[in-house]
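Following: one structure in structure tokens, then a few remarks.
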Amino acid sequence: LADAGVAIVIGKENESALQSVIDQDRHASEFIATLDSSLSQYVGLHPAESSFRLKLVGSPQDSNTAADITALITKYGSNVKIVGIFDDSGCAEDPEGLDHEELMRLV
């Protein structure tokens, strides 16, 4: 599915069923566990085994977003492509995925 162009948006702006599940708890470890089960249930994707793309709503300086970025990169490595980060001050996008080292520098 990820190769077919599926991107999942994580953040306050998205009202999908996946988002509702994820917003219930913002602790990074529980975020990852929820993401694993939600991707499997709603999208049929197993992130530890498959590449997937995400867009995040929030700044890397925001503690929740920073924890999410760190947890995503630590758990999934090159399987996760963070293709966009958006907040009220601007955005960063790359369809190939934002550079993980640069994201980690920013958090």
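The values are calculated or read from the model by the stated rules, or taken from the named source; none is laboratory data. Quick caveat: nothing in here was measured; it's all calculated off a predicted structure. Heads up, the Cβs are rebuilt from the backbone with ideal geometry, glycines too, and the neighbour counts pull from every protein chain shown. Just the protein is used for accessible areas: all its heavy atoms, side chains included, with ligands, DNA and RNA removed. Shrake-Rupley method; radii C 1.70, N 1.55, O 1.52, S 1.80 Å.
Which one of these does F86 not meet: (1) in a helix (DSSP H, G or I); (2) surrounded by 12 or more Cβ atoms within 10 Å (Cβ to Cβ)?
Condition (1) is where F86 drops out.
If I filter the stretch 56-74 for residues that are open to solvent by 40 Å² or more (accessible area, probe 1.4 Å) and at pLDDT 85 or above, do I get at least one hit?
Going residue by residue through the stretch 56-74, those that are open to solvent by 40 Å² or more (accessible area, probe 1.4 Å) are 61-64, 70, 74.
Imposing the further condition that a residue be at pLDDT 85 or above reduces the set to 70, 74.
Yes: one or more hits.
For the stretch 53-83, which residues satisfy the criterion of being out of contact with any His (no Cβ under 9 Å at 6 or more places or on another chain) and part of a strand (DSSP E or B)?
Result: R53, L54, K55, L56, V57, K81, V83.
Just the residues that are open to solvent by less than 80 Å² (accessible area, probe 1.4 Å) and farther than 15 Å from K81 by Cβ, please, taken from the stretch 39-55.
Listed by number, the residues that qualify are S40, G44.
Consider S59 against the criteria (1) in contact with a helix residue (DSSP H, G or I) (Cβ under 7 Å, 6 or more places away or on another chain); (2) on the phi > 0 side of the Ramachandran plot: it satisfies all of them except one. Which criterion is unmet?
(2)
Just checking, how many residues over the stretch 48-64 are under 11 Å from the mean Cα position of the chain (by Cα) and without any contact (Cβ under 8 Å) to a residue 40 or more places away in the chain?
0
Are any residues in the stretch 89-107 buried (at least 16 other Cβ atoms within 10 Å of the Cβ) and in a loop (DSSP other than H, G, I, E, B), and if so, which ones?
Residues satisfying the conditions are G97, L98, V107.
What about K75, is it of a type outside the set (S, T, Y) and in contact with a Phe, Trp or Tyr (Cβ under 8 Å, 6 or more places away or on another chain)? Show your work before the answer.
Values: of a type outside the set (S, T, Y): yes; in contact with a Phe, Trp or Tyr (Cβ under 8 Å, 6 or more places away or on another chain): no.
Answer is no for this residue.
Of all residues in the stretch 55-79, which are more than 17 Å from E30 (Cα to Cα) and in contact with a Gly (Cβ under 8 Å, 6 or more places away or on another chain)? Can you show your working first?
First, the residues of the stretch 55-79 that are more than 17 Å from E30 (Cα to Cα): 55, 57-62, 77-79.
Within the stretch 55-79, K55, V57, G58 meet the criteria.
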